Amino acid sequence: MDYDKLVTEMRRLALEAGDRIMEIYGQDDFEVKSKSDDSPVTAADEAADAIISDGLRQTFPDVMLVTEEQAATHTAKGDTFLIVDPLDGTKEFVHRRGDFTVNIALVEKGVPTRGVVYAPAKSRMFFTQADGQSVEETGDFAKGQVGATKAISVSDPDNAALMVVASKSHRDQATDDYIGKYSVRDMTSAGSSLKFCLVATGEADLYPRLGRTMEWDTAAGHAVLNGAGGAVVRFDDLTPLTYGKEDFANPFFIAHAPGVELKEG
């Protein structure tokens, strides 16, 4: 894989998709439909998916592609592939809360190695460079040229005073009970894959997810966290979370800075 080419293309497509998403976000009204699992889908999901999947297929025709909005891709088999969630956090989008992202990632041998997470309503972009180091880009987000970036790195946490991030839309008692096992300094909530990015930048130390997610929800954020020195492990046995699983469904997991002393569930 040509990582320079890949990162350039993923970044550009994320920005183009973000522009289209924001056009629809700015409308007075937009249709919200329900998929077979009762999750919402909008014209923004579909338009962003078309931009990204068409671009990836044109540039990387020989690489397996999995995307949330195309059910036909969900039966693909392999451990190396591109994976896309064109609009992660559709509920945040529908309720106009801004915590939604464009997620594009490369998985190699079951591990997310390169990814981009773009939050267009918050003007935040995180991605892995060709060398695997994660950065946050600041500036105008020009499509043809990367602007100013800063390397990001996970925290060196104080286990007596942890900062925890939890889901804004999927918080439940089981999550609160697990968080209660730690000495917590403060908590914040965020939607979509931004939670991974808050751990990657050191803005949070720990993100436990005791709920259903799919690989397209997590791969890009996982790649960014990996490139910032963090880790994502299964909740049940604390082994690394891997990709290319049956139906692309994830078990419960914990994203964390390595210095966090993880508790058993």
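Read-outs throughout are calculated quantities, based only on the coordinates presented, and are distinct from any laboratory measurement. Note that this is a predicted model, so its numbers are computed, not measured. Heads up, the Cβs are rebuilt from the backbone with ideal geometry, glycines too, and the neighbour counts pull from every protein chain shown.
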Next item on the list: List, largest first, the extents of the alpha carbons of the range 3-151 along their principal axes, each in whole Å.
Entry: 41, 39, 23
Notebook entry, point to check: Out of the DSSP beta bridges found with both residues in the chain, what percent are antiparallel (nearest 5)?
Noted result: 80
Notebook entry, point to check: Of all DSSP beta bridges in the range 111-203, what percent run antiparallel (nearest 5)?
Noted result: 65
Notebook entry, point to check: Straight-line reach from Lys181: which aspartates and glutamates have a Cα under 17 Å away, not including same-chain ones fewer than 8 places off?
Noted result: Asp158, Asp172, Asp205, Asp236, Asp237, Glu261, Glu264
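Can you show me the helix-derived [θ] at 222 nm for the chain, built from DSSP H runs with n ≥ 4 at -39,500 (n - 2.57) apiece and divided by the number of residues, rounded to the nearest 500. Intermediate values should be presented prior to the final figure.
Numbers: 6 runs with 71 residues, N = 265.
Computed mean residue ellipticity for the chain: -8500 deg cm²/dmol.
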Check: Whole number please: convex hull volume per residue of the Cα set in the range 200-262, in Å³?
Finding: 81
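Could you work out the Kirkwood radius for the chain, taking every pair of different alpha carbons, averaging 1/r and inverting it, reported in Å? Please report the intermediate quantities before stating the final value.
Details: mean 1/r = 0.0548 Å⁻¹.
Kirkwood radius, the chain: 18.3 Å.
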Check: Going by alpha carbons, how many degrees (0 to 90, nearest 10) lie between the helix axis of 215-226 and the longest principal axis of the chain?
Finding: 70
Item checked: Residue among Gly221, Gly26, Gly244 with the largest mean-square fluctuation in a Gaussian network model of the chain, springs linking Cα atoms under 10 Å -> Gly26
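Pairwise over distinct Cα atoms, reciprocal of the mean inverse distance: report the Kirkwood radius of the range 162-256 in Å, one decimal place. Don't skip to the end; give the middle numbers.
Numbers: mean 1/r = 0.0759 Å⁻¹.
Across the range 162-256, the inverse of the average 1/r is 13.2 Å.
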Check: Where the Cα atoms of the range 139-216 are projected onto their three principal axes, how long is each span, largest first, in whole Å?
Finding: 46, 30, 18
Notebook entry, point to check: Relative to the longest principal axis of the chain, what angle (0 to 90°, nearest 10) does the C-alpha long axis of helix 43-59 take?
Noted result: 80
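Using r as the Cβ-Cβ distance of Thr239 and Arg97, and R0 as 35 Å, what FRET efficiency do you calculate, to the nearest 0.05? Mind dumping the intermediate values first?
Values: r = 34 Å, r/R0 = 0.96.
According to the calculation, E is roughly 0.55.
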Next item on the list: Taking amide H positions as placed in the peptide plane 1.01 Å from N, state which residues far from Asn250 in sequence (5 or more) or on other chains have amide H under 5 Å from it.
Entry: Thr213, Met214, Glu215
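So, R0 is 51 Å and r is the distance between the beta-carbons of Ala71 and Ala160; what FRET efficiency does that work out to, to 0.05? It would help to have the intermediate numbers written out before the result.
Values: r = 47 Å, r/R0 = 0.92.
Here the calculated transfer efficiency is 0.60.
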Next item on the list: Treat each spin label as a single point 7 Å out from the Cα along the C-beta direction, and report the Gln133 to Asp4 distance in nm.
Entry: 1.6
